[in-house]
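Notes for the one structure printed next.
Each reported figure results from applying straightforward, stated rules to the coordinates on display, with no laboratory input. Everything numeric here is computed off the predicted structure, so don't read it as measured data. Glycine gets a Cβ as well: all are built from the backbone with ideal geometry, and neighbour counts include every protein chain shown.
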Amino acid sequence: MAGDTPRPPADAARRAREAGAIRRPPESTRRVGEPEAGPTRPDPKRRQPTPVASDSAPPKPAPGRGRQSSSTPPRGAGKTGASPVVQDIAGTTEAPSRRGAAEPPEVVTDVIPPVDDTKRPGRARAKTGSWPTTENAAAPESVGAPRRTRLAESKLRKHRRARMVGRAALAVTAAVALLITGGGWSYERAFGNSFTQVSALGDNSEDVIDGNAQLGDENYLIVGTDTRAGANGKLGAGTIEDAEGARADTVLLVHVPKNRQRVVVVSFPRDLDVSRPKCEGWDNEKADYTEETYPAEMGGKLNAVYALGGPRCLVTTIQRLTGSTINHFIGIDFAGFEAMVDEVGGVQVCTTEPLIDGELGTVLENPGKQVINGATALNYVRARKVYGDIRGDYDRINRQQKFLASLLRTALSTKVMLDLGKLNGFIKAFTAATFVDKVKPEDLLTLGRSLANVDAGAVTFLTIPTAGTDSYGNEIPRESDIKAIFKAIRDDRPLPGEKPGAAAPTPADTPAAPAPPAYVAVDPSTVSLLVSNGSGISGQAATAANKLNNVGFPIYNTGNYTGGTADTTIVRYSAGYEAEAATVASALPGASIAPAEEEEQLGGIIEVVLGSDYQGVVNEPTAVGQAITNVPADAASAAPTALPDDLEHINAADDICS
């Protein structure tokens, strides 16, 4: 128009270039002297350009942290690449954003995929300032509505917090349920092969007592090893030069009955006197067996069994001692234990006075309740020479059991179960330093889900009873009491220390008094014999031993019967070895079986006492798996057994300072 000041050509050109590309507020909306507004966000319907390396981007959440801050806009547009498991759970089918040519392929690191609850497909990125930061902002009040009272506001806040916690729990539950039921393959993709597999378990064992009754039960043999190799040597555990190889520093048998109503954890003293079977050699550093073999031995320490024969030899030894079907094996070293404690943020312990060990030094400087980290926890459970302890390994076991109860409460608490970062870290630490047999990630998840409603009062820790030490420092097992303990566990009978609120067997489930057993023959090659001559005829033991060996029984030793002469031939055994004794007696016409005295310490060895009635005849024993009909049942073996009055126990619901 006439009189208007012409605009500079450059300004006109700029306006032409921007026409249709951006919106601009009318001139009337700008104040005089205010700088012109820059380009606003493009229309959401337009495709966004792929950001270059110099583009700034919000930091990615830490692994395992799926929830973003409340001020973060939804990631509908320009989304970052998610792990395959995240895409599986979210149902995403879109290809991830284009990556740079030099970017390496994605590595899945999350054990449990993060749940992105702000992801809404089909929406564009909004302005950060316009995205509601609270639930109040997302739900505006009606115009003219009366103001809420403070009581109403308080109730509303509680309701919202409950909804938030409920949604978080639902997210975790949904993810875990999906992984277990239909998406286990996705879990494996994310998890990888973190477990080191070893050979520890046999398909079947003649040492198991009443195997059919144990079907459905889960028994985990858990072993903490004191190897000094690798990272363990950096944790104050010494070096390989200090203690070559690895021993079973802690041995636990965890029993979960088929009804999943309780958990029983039995601790075995590391110096327990045991009879070790014939074993293959074990190379702990390679986690494999060697070509060496070690003959059966009586009077060894339990921790040395693992050092010589590894997991397989230890499983056989514990199975013989307990009669339990061991169907899972887990071994963990020092480094793994320390990392697990650190990942859950430490564990609370309690001591009435400072804890000072003769080898490890000051473990806890101050008395009282305190949360300790992984390094301190490792020394806490390892300390064996604590000033003030009077029971040696039993005081250490007591500390271990209280610590494990506290760790269990911590690991199952909402602060861990609802914190995917901590949960991921705990599971990763567990798998990275463990070696297992017949244990898979989904097995642990399934077991954890089935135990979700078990009360802490239904988790009981027991300790194998002993009768003091022998001249070698070995703890002498009270075999009849051990037999009674594991029979009560198998029969699901109430145990000392279980809280009244814990699930207990109903009268219909409580087994009746057992009938005299029908013995089933075992494999003769699994039975080692001590042949003792009580007949008064010189050379009988050697002759009989040769004949027994010819029908398949290994011979441990021969000699004269320490009880003098015997009128009848008797096959003597320790508690839990009735079937082995009956199998031997089935090869000796007229022989009977009888339990040995507890202090005689036969262990897994069966003693054949040749009486004056022995005629020099040895037959083929009853075939494996067949009922033994020519040997009378020993009345003592069928009698009901009571639990010892002095059985040491701790309950997971106990006060840690008690």
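Brief remarks on what is shown
- Taken one residue at a time, the phi angles of region 429-436 give Karplus couplings (6.51, -1.76, 1.60, θ = phi - 60°) of 4, 5, 6, 5, 10, 10, 10, 9 Hz. Gly and Pro are set to x.
- Residue pairs, from the table K258/K438; K278/K487; K369/K402; K278/K301, whose Cα atoms sit over 20 Å apart: K278/K487
- Counting every C-alpha pair in region 524-638, the share spaced more than 26 angstrom apart comes to 8%.
- For E280, the shell of other residues with beta-carbons less than 9 Å away shows a net charge of 0, using +1 for Lys and Arg and -1 for Asp and Glu.
- By average C-beta atoms within 10 angstrom, highest first, the peptides 462-469, 350-357, 582-589, 375-382: 582-589, 375-382, 462-469, 350-357
- Efficiency of FRET between T629 and I476 - r from beta-carbon atoms, R0 35 angstrom, step 0.05: 0.45
- On the basis of the beta-carbon distance and an R0 of 41 Å, Q197 and E359 show a calculated FRET efficiency of 0.75.
- Using the alpha-carbon positions of region 344-424, Rg (one decimal) and Dmax (whole number) come out as 13.6, 43 Å.
- Taking the Cα centre of region 524-638 as reference, the dipole from Cβ charges on Lys and Arg (+1) and Asp and Glu (-1) amounts to some 400 debye.
- Working from label points 7 Å from Cα in the Cα-to-Cβ sense, the T290 to N212 distance is 4.4 nm.
- In this Cβ point-charge picture (+1 for Lys and Arg, -1 for Asp and Glu), region 344-424 has a dipole of about 260 debye about its Cα centre.
- Extension gain (nm, one decimal) between V617 and R391, 0.36 nm per residue minus Cα-Cα: 76.3 nm
- Inter-label distance for V371 and D567, nm, one decimal - labels placed 7 Å from Cα along Cα-to-Cβ: 7.2 nm
- Projecting the Cα atoms of G603, A581, T558 onto the dipole axis of region 524-638, where Lys and Arg carry +1 and Asp and Glu carry -1 at the beta carbon, places T558 farthest toward the positive end.
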